[in-house]
Amino acid sequence: QVQLVESGGGLVQAGGSLRLSCAASGIIIRISAMGWYRQAPGKERELVATINIGGSKYYADSVKGRFTISRDNAKNTLYLQMNSLKPEDTAMYYCVQGVAPSIRWGQGTQVTVSS
């Protein structure tokens, strides 16, 4: 059974940093496509960042240069380092595994950035 458990969200002031973690079980993340989505109230779900099996990374334009996706294969954990946070980064952040249409989702972790 695949489980993705996010942690690390919280309330932070604009300009601050947070690191999200996604502990995976039932899969081996180094041989999986992994990523982060986010969804703010009343907005469409947005793909934030991905990392593929070869280690290539993708970032949405809105987070490029501020967010970094990485993985620790030994811990089977995915990370999202978020720096220079802005109020518009406020959203529920979800860890995902796989590629469309077969994507598995974590339960999400809330990130709130105050101005």
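At-a-glance table
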quantity: Qualifying chymotrypsin sites (Phe, Trp or Tyr not before Pro) for the range 5-77 [loop in DSSP, other Cβ within 10 Å: at most 15]; calculated: none
quantity: Estimated dipole of the range 54-112 in Debye, rounded to 20 [Cβ of Lys and Arg +1, of Asp and Glu -1, Cα centre]; calculated: 160 debye
quantity: Dipole in debye (nearest 20) - the range 1-62, about Cα centre, beta carbon charges: Lys, Arg +1; Asp, Glu -1; calculated: 100 debye
quantity: Percent carbon-and-sulfur accessible area, the chain, ignoring ligands, DNA and RNA, probe 1.4 Å; calculated: 49 percent
quantity: DSSP-assigned coil residues among GluC sites (Glu not before Pro) in the range 20-115, each with at most 11 further Cβ atoms within 10 Å; calculated: E44
quantity: Residue with peak Gaussian network fluctuation, the chain [Cα springs, cutoff 10 Å], from G55, G26, G98; calculated: G26
quantity: Student exercise, the chain dipole from Lys, Arg, Asp, Glu Cβ charges, in Debye to nearest 20; calculated: 200 debye
quantity: Positive-pole candidate from I28, G98, T109, dipole of the chain, charges at beta carbon; calculated: I28
quantity: In the range 63-111, the trypsin sites (Lys or Arg not before Pro) that fall in loop regions by DSSP, at most 11 other Cβ within 10 Å; calculated: K64
quantity: Net +/- balance of residues flanking S32 in space, Cβ distance below 13 Å, scoring K and R +1, D and E -1; calculated: +3
quantity: Distance between modelled label sites at Q3 and K43, nm, 7 Å Cα→Cβ extension; calculated: 3.1 nm
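The values are calculated or read from the model by the stated rules, or taken from the named source; none is laboratory data. Because the structure is predicted, anything quoted here is derived from the model rather than measured. Cβ sites come from the backbone with ideal geometry, for glycine too, and all protein chains shown count toward neighbours. What goes into the accessible areas is simple: the full protein's heavy atoms, side chains included, and nothing from ligands, DNA or RNA. Shrake-Rupley method; radii C 1.70, N 1.55, O 1.52, S 1.80 Å.
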